[in-house]
Every structure is written in structure tokens, then in C-alpha cells.
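Accompanying notes for the structure given below.
The values are calculated or read from the model by the stated rules, or taken from the named source; none is laboratory data. This is a predicted model, so every value here is computed, not measured. In this analysis, Cβ positions are derived from the backbone assuming ideal geometry, glycine residues included, and neighbour counts consider all displayed protein chains. Quick note on the areas: whole protein, heavy atoms, side chains included, nothing else; ligands and nucleic acids left out. Shrake-Rupley method; radii C 1.70, N 1.55, O 1.52, S 1.80 Å.
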Amino acid sequence: MKGQIMGSELIEKYAFEAIDLIKKKEVSSSELLKASQERHLEVDSHVNALPYTFYEKALIKAKSINVDIEAQNNKSLLGLPIAVKDYNDVGGVPTTFGSKIFSNNIPSKSDSTIARLEENGALPVAKSNVPEWAGGHTFNPVYGITRNPFNKNKIAGGSSGGSSVALATKQVWLATGNDLGGSLRTPASFNNIVGLRPSIGVVPRSLRYNRFDPLWVEGPLARCVKDISLMLDAMSGYCKTDPLSFDHKCNSFLEAVDAFELPAKVAITEDLGLVPVEQEVRGVFRTIVPHLKTIGLQVGTDIPDFSGAIESFHTLRGLLMAYMLGDLYKSKKDEILVDIVKNIEVGFKVSNEEIIAAEKIRQDLFIKVDKFFEEYDFLICPTCSVLPFDIETPFVREIDGVACKTYIDWFAITFALTLTSCPIISLPVGFSSSGLPVGIQIMSKPRQEDKLLAFAKVLEEKVSVNKRSPI
């Protein structure tokens, strides 16, 4: 190794640039590990993104990596250090789910999602912080609160808050996330990074979830769209433990991201015709319209009717929470966060009529979205209805003067899109007057991650959002 690239230079590199350096043997996985660890020690005490690290364990693996052999696998990350969300298992490392009940839970092996990444050369170095079990605000009784690096008195979002902050502060090059109602997209927006919610089955899921559930997906978080493509290559593919998983028709997302074809038409909406949105978020969102026209797109405003989506999601989310946590609720209810208890109880109390109504709304929405995509190629809206809010506030009670009915309604703009089963990327596009990040969601047809990533990369280049670390 030449060993002439300083750690401070390495952390500034994007993941795809770091991979190129490894391939050229200008830097080793061990040197990237050292740079990551030094950066972690420098900044994480300010934000608490990666509360549990295992660099020494990773170093042992790094020393055994044969770059020449690994490079034969075009999906390999060649020993690139990554952060793993604390809802996912890494063998021999605690998985707490942010719950004291599992504070000493050490799985013997990695789950399906992480095992796939490890098979393809990813090197987990840390667990990223999460809310207890689920939620949009990353805090828990095991590891505490994760802070937004753009304003440490604001929330990081959730539930992939720790992963997003770790990327924003350049502690790692890639991080895992998962998304039920916006758990990838919301923190991506709040921390000025990129997050992809893939179609169901693109990335294999662990056994903890209902294997036939169509709401919760695993996905990549990164600092740019090209890095998302790189990580998606290493994460995706059929896995026998996930019956909904499949081999994507795209053989290389990294190659596809540069194969942009001009879409015929995109639709923009500030609120999905469904939710209140802060005026400052609307203002930043409007700045992207000239960029769309500069690219040469036709821009329309006709969107599917999302009526009933909020009620449908509440029912279906409650059922999933009851499925996942019902047994724990029966034995340790008093040790579970009260808001999660309420979600579980929704699942237990929901009537057959409500379940049928929720499924009908979901099916009707899918039909409307399918019709929408006969005329449009993409739908674009804000990622979040609000800016990152005060860290001492558990959730938003009103938006633009409109009261929120439940503690999750402030991110209805993401979970309404969850119901479509379409791939959605959150892309940073600007900042508020006080310097807080604002992102947009771009939704494409199901299983067209390749085209979505290619379009997002072109728009990313037009918007040119500052990617310097806030710390």
C-alpha cells in the first residue's frame, strides 16, 4: 500500500471512490477502518450516532481480505466499513432494538440482510442508534438520544437516525436502514443524505418480521446516489429465508445509475393532497421545479387520490406490530415504550371490518398508482412535512396550524407512499432559513430501481446540495 492518503482525506471520499482506491491498492480496508475509527472518536460524542462499535473485531476480518479475489465479485465492497442499524443482527454483537429487554441480546450469526452484505465484502464496524422498536425520533433507554448534526438541539429522525447521522458526520461510507412508514426516508431528509426504500423483495429481510408482510423493507443509506447503487448491488438478490425476495432484472445498479434516459413526464405535489406541510418546506420544494425543466422534463400536477391511506396504514401497521411484538407485550408490557404498546394494542383490537377496509384501500391505491404511471414516469413530493424539530419534543402535535391525530401522523407523507409498494428515494435538495436540511421523495414504478436511481443521480447533479460534514 502506498499509505500516502491521510485519514482525514479518506473520510471525505464517497464509497465508490474508496472502493476504487482499494482496487488500485492505494489504500487498504485496514486503513479505511482506522480512518473511520478516528473520525468516530472525534465526532460521535457530539451526536451519539454509533453507540456500540467493534473496530477490533472488524480489523481481524480486514487483514484477511484478498483484494484480487474479492474484485472478481463485481458486487463486492472489498472490506469497506459500514454501520449496521441496531434492528439488524451482526453475529457476536449485541442487537438491542433500543429496548432494555434485549440489552444483553447477542445473536450467534448475522441476519439475512447483513449476511448478504458480508458475503459481498461489507465490513460492519458499529451498531447505529434507533428508537425503541420503531418510530420517527431516535432515542431509547439503552443508548440514549441521537442528535441532528446540523443543530444538536433538533431530532435526527428515525428509525434509521443513527445510520443517517453517522453518514452525515462521515464516520462511515455506507449504512443500513429499514423502512416501514418512512424510517429510511425521514432521517435521510433530516440529515442531508440519500436513502432508498426499494420495492418489496429487492433486499432480503431477516426472520424477525412477518415473511409475507409487504410494508417493511431493508435498504441502503449513503451520501450520494451512486453510493446507494453500489450498496444496493451488495444487498440485493433472492434469499430462501425471504419468500418475497427475488433476483432483480438489473444486473448492476452501479452501471445503471449512469444510464439515464429522459423520462417523458413527472408529477409534482407539495402534499399528496393529503397532509399539511410547513410553509418553509414548501418553499424549498418549489426551488426544484426549475431544475426539472432545465433537464427538459414535462412537469404535471396530476397525482393519484390518496384518500384513506392514513387510516389504512394505521390498521396495517398495528397488525404488523402485534405480529412482531405481541408475545413480548403479553409477558413484558410494562417494559415496552408506552407509544409502542398503543400500536400493538391497535393490532389486537382492530376489527375484521377494519382490516378488510384497509386492504381494499391499499388495493384501490395500487390500481390508481398503476393508472398514474401510464402517463407519468415519476412522482415527486417533499420527504417530510416538517423540519427537524426540538429534541425534547417526542412528536409533532400540529403542522401549519392543523392538529395531528396520532403521534405518527407527522410523517404521513412517507407512509402514504409505503402503501404503493413502489421504490422511493429520498434526495437532499436544500436547506431552511435556519440551515436545516430538506429532502424530496421520488417514486417510480414497482421494481424499477435502476431507472429511479439514474433519474435521481441526474437531479442530484443539478441541485448540487452541499455535502460537507456539519461537524
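Measuring only protein heavy atoms, the 1.4 Å probe finds Thr241 accessible over about 40 Å². Under a straight-distance cross-link criterion of Cα-Cα below 18 Å, which aspartates and glutamates are reachable from Lys457, leaving out those fewer than 8 residues away in the same chain? Answer for Lys457, where 18 Å is the Cα cut-off: Glu17, Asp227, Asp233, Glu255, Asp258, Glu261, Asp377, Glu449, listed by chain and number.
Within straight-line reach of Lys368, meaning a Cα separation under 12 Å, sit the following aspartates and glutamates at least 8 residues removed in sequence or on another chain: Asp302, Asp305. Across the stretch 311-450, Cα-Cα distances exceeding 25 Å account for 42% of all pairs. Lys/Arg Cβ at +1, Asp/Glu Cβ at -1, dipole of the chain taken about the Cα centre: which of Ala267, Val217, Ala358 is farthest positive-ward? About the Cα centre, the residue reaching furthest to the positive side is Val217. Here the mean projected area of the convex hull built on the C-alpha positions of the stretch 1-98 is 6.9 nm².
Looking at [x] 131; [y] 142; [z] 163, which value of volume of the Cα convex hull per residue in Å³ comes from a calculation on the structure shown? The listed entry that was calculated here is [x].
On average, how much accessible surface per residue is there in the chain, in Å², for a 1.4 Å probe, leaving out ligands, DNA and RNA?
Working: 17970 Å² over 471 residues.
About 38 Å² of surface per residue is accessible.
Based on Cβ point charges of +1 for Lys and Arg and -1 for Asp and Glu, what charge dipole magnitude is obtained for the chain about its Cα centre, in debye rounded to the nearest 20? Display every interim value, and only then the final one.
On the way: 52 positive and 57 negative charges, 148 e Å.
Its charge dipole is roughly 720 debye.
Is there a pair in Lys127/Lys467; Lys25/Lys462; Lys61/Lys451; Lys127/Lys342; Lys75/Lys240 whose C-alpha atoms are over 29 Å apart, and which pairs would that be? Before the final figure, lay out each step's value.
Details: Lys127/Lys467 23 Å; Lys25/Lys462 32 Å; Lys61/Lys451 35 Å; Lys127/Lys342 27 Å; Lys75/Lys240 19 Å.
As for pairs spanning more than 29 Å Cα to Cα, those are Lys25/Lys462; Lys61/Lys451.
Full extension of the chain between Lys405 and Asp364 yields a length gain of 12.4 nm, computed as 0.36 nm times the residue separation minus the alpha carbon distance.
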